[in-house]
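Any read-out appearing in this document is the output of simple, stated calculations on the displayed coordinates, not a laboratory observation. These numbers come from a predicted model, not from an experiment. Cβ: placed from backbone, ideal geometry, glycine included. Neighbour counts: every protein chain shown.
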Amino acid sequence: MPEGVLKFLQRWLVTTLGVLLADVWVDGIRHQSFGSLLEASLLLGLLNAFVRPLLMVLSLPLLIFSLGLFVLVINAVLLGLVGGLLQPGFVVEGFGAAFWGGVIISLVSLVVNGFLGRGAVVRPGGDPGGPGRSRRRARRGDDDGGPWIDV
């Protein structure tokens, strides 16, 4: 399989796990079948890929003022939208359930992607590629990992 398809399937699986755990732990989030759970996680992934960036730009002043915490509200709105679009197969009852479900999905994604090596790479020193790798190649994304943090 092409690498892009594998990354997509991995993200979908991680999101599905997050939505499943949100369903288990948050009163007010329910799914009727495994198919509706997969459908909800796929739709949430698509909304996160295409609608979330637009919402982030439009709410930039609120994001800055809240020191980034407004992202939790954006996540809740998107999860609530998924619940509204997929009823009765996937239900999100109210903003509180959407908020806590979004928090759980975000935390699960952060932890699982960290274990899978899809998180940020922290490398000491000023050269993101290490010895022998130019900064230009590293900026183009020719390095071996994800984003890097210069410390």
Practice prompt. Find out how many positive minus negative residues lie around Leu43, taking Lys and Arg as positive, Asp and Glu as negative, among other residues whose Cβ is under 15 Å from that of Leu43.
Written response: 0
Response to the item:
Percent relative contact order for region 3-119, counting Cα pairs under 8 Å at least six residues apart, stands at 36 percent
